[in-house]
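A.B. asks: Handing you this structure, nothing more for now.
The values are calculated or read from the model by the stated rules, or taken from the named source; none is laboratory data. All values reported here derive from a predicted model rather than from experimental measurement. Every residue, glycine as well, gets a Cβ built from its backbone with ideal geometry; the counts of neighbours run over all protein chains shown.
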Amino acid sequence: MKILVRNVIRWGSYPIIFGSCVAMQLYIANSSLPYWPFSPIVAMSGIIFVALLERIQPYENEWLEDHDDTLVDVFHAFTSLTLIFTSMEIVAITTIWLPIMDVWPSDWPVWLQIASAALFIDLGLWIMHWLSHKNGFLWRLHALHHSSERLYWLNGERRHPLSALVLALPGIVVVVILGAPPFIIACWLSIVAVHLSFQHANLDYSVGLFRKLLAVAEVHRWHHKREYKDAQVNYGEFFVIWDHIFGTYRHQVNGVRAGEVGMDEETPLKYVDQIKWPFLNK
Ligand SMILES: [Zn+2]
């Protein structure tokens, strides 16, 4: 029985929870239901399921313990998720200033429009993530995300707000200029919120060969290796196809364990100090 439960969690977590969230987000986008409160509720439910499953079947027991980071990560998650869940309003405002080309295929099925927007946004994220590891100041902004000494459900949202904007905005601006409706973009970002929780989860789960396509924890953990040169791989946020194309894909079964993630450089423990940190250091 224990083995059955273990295997259901290992192989079923991502397809069942993430798949259900995607199906419900598509239903909301296709129906007359408003984005608020339905999309955020669906996304938050998915994230909470990941948090609960970590307690049942962790990847590393050590990563279940507070590393003086839980409270500050709750603040980061609040800020990052607020940005995600207000993206429809933010995008709607940007359309006032941006030149809209109006070439978006609005007559396509909603799921196909969301998938199309996802490709542009994800490529934008890959490029900006890669740049955030190459440019000194962008790295200072991004480093907070890498400073965690463990990987767990909240890490996906442990980001400096400026870094979150730097990473996501270029790809989003492209699809806005192409004429994508704000609700298409917002729906995709709500889906990504659940994926980010899985991507960093301290959960013993696998997607099997789909790891060659999706930026899930079993490949993303490499990106959080403490050794700087080891971490220059797997920049993908949702897809890792970009890492295959640009030659930065790496995978090894159980390749990253407790004690092997984080940064050599220390960052402050308090939220306000973390927000100031990129501007105080060189
Ligand atoms: Zn990174």
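A.B. asks: Which pairs do you get when a residue that is at pLDDT below 90, found in the stretch 225-242, comes within reach of a residue that is not in a loop (DSSP other than H, G, I, E, B), reach meaning Cβ atoms under 6 angstrom, with the pair 6+ apart or on two chains?
C.D. replies: Close Cβ pairs (under 6 Å, with a partner that is not in a loop (DSSP other than H, G, I, E, B)) amount to A231/H223; A231/K225.
A.B. asks: Any idea which residue in the stretch 243-256 is farthest from V194 (Cα to Cα), counting only those that are modelled with pLDDT of 95 or more and not hydrophobic (A, V, I, L, M, F, W, C)?
C.D. replies: Here the answer is G247.
A.B. asks: Kindly indicate which of I47, I93, I56 is closer than 18 Å to R158 by Cα and of a type in the set (A, V, I, L, M).
C.D. replies: I47 is the lone residue from the list that is closer than 18 Å to R158 by Cα and of a type in the set (A, V, I, L, M).
A.B. asks: Please go through the stretch 127-140 and give me each residue that is within 11 Å of the ligand (Cβ to nearest atom), in contact (Cβ under 8 Å) with a residue 60 or more places away in the chain and in contact with a helix residue (DSSP H, G or I) (Cβ under 7 Å, 6 or more places away or on another chain), ordered by number.
C.D. replies: Hits for the stretch 127-140 are H129, H133.
A.B. asks: Which condition number in (1) within 14 Å of the chain's Cα centre (by Cα); (2) more than 13 Å from the ligand (Cβ to nearest atom) is the one that E149 fails?
C.D. replies: (1) is the only condition that E149 fails.
A.B. asks: Let me ask another. Please list, ordered by first then second residue, the pairs with beta carbon atoms under 8 Å, 6 or more apart or interchain, first in the stretch 52-81 and touching a residue at least 12 places away in the same chain (Cβ under 8 Å), second of a type in the set (S, T, Y) and not in a loop (DSSP other than H, G, I, E, B).
C.D. replies: Correct list of pairs: L53/S13; V72/Y271; F75/Y271; H76/Y271.
A.B. asks: Against the condition at negative phi, within 17 Å of the chain's Cα centre (by Cα) and not charged (D, E, K, R), how does W277 come out, does it pass?
C.D. replies: Answer is no for this residue.
A.B. asks: Additional query: Working only within the stretch 247-270, note down all residues that are of a type outside the set (D, E, K, R) and more than 20 Å from the chain's Cα centre (by Cα).
C.D. replies: G247, Q252, V253, N254, G255, A258, G259, T267, P268, L269
A.B. asks: Could you check, for the stretch 214-221, whether at least one of its residues is within 16 Å of the ligand (Cβ to nearest atom), of a type outside the set (G, A, S) and farther than 14 Å from S148 by Cβ?
C.D. replies: Yes, the stretch 214-221 contains at least one residue that is within 16 Å of the ligand (Cβ to nearest atom), of a type outside the set (G, A, S) and farther than 14 Å from S148 by Cβ.
A.B. asks: Only one of (1) closer than 30 Å to Y59 by Cβ; (2) part of a helix (DSSP H, G or I) is not met by F120, so which one is it?
C.D. replies: For F120, the exception is condition (1).
A.B. asks: Take D102 and decide whether it is more than 27 Å from K270 (Cα to Cα), charged (D, E, K, R), touching a residue at least 24 places away in the same chain (Cβ under 8 Å) and part of a helix (DSSP H, G or I). Reasoning before the result, please.
C.D. replies: Numbers: more than 27 Å from K270 (Cα to Cα): yes; charged (D, E, K, R): yes; touching a residue at least 24 places away in the same chain (Cβ under 8 Å): yes; part of a helix (DSSP H, G or I): no.
Criteria not met by D102.
A.B. asks: Has the stretch 112-120 got any residue that is away from the ligand (no atom under 15 Å from the Cβ) and within 22 Å of L52 (Cβ to Cβ)?
C.D. replies: No, there is no match, as no residue in the stretch 112-120 is away from the ligand (no atom under 15 Å from the Cβ) and within 22 Å of L52 (Cβ to Cβ).
A.B. asks: Report yes if some residue within the stretch 88-107 is of a type in the set (G, A, S), more than 13 Å from the ligand (Cβ to nearest atom) and modelled with pLDDT under 95; otherwise report no.
C.D. replies: Scanning the stretch 88-107, I find at least one residue that is of a type in the set (G, A, S), more than 13 Å from the ligand (Cβ to nearest atom) and modelled with pLDDT under 95, so the answer is yes.
A.B. asks: A further question on this structure: Kindly indicate whether any position in the stretch 117-133 is in contact with a Cys (Cβ under 7 Å, 6 or more places away or on another chain), of a type in the set (A, V, I, L, M) and at pLDDT 95 or above.
C.D. replies: no
A.B. asks: If you take the residues in the stretch 181-213 that are assigned to a helix (DSSP H, G or I) and under 12 Å from F239 (Cα atoms), which one is farthest from the ligand (Cβ to nearest atom)?
C.D. replies: F210
A.B. asks: Just give me the residues in the stretch 145-167 being assigned to a helix (DSSP H, G or I) and surrounded by fewer than 22 Cβ atoms within 10 Å (Cβ to Cβ), in sequence order.
C.D. replies: Residues satisfying the conditions are P161, L162, A164, L165, V166.
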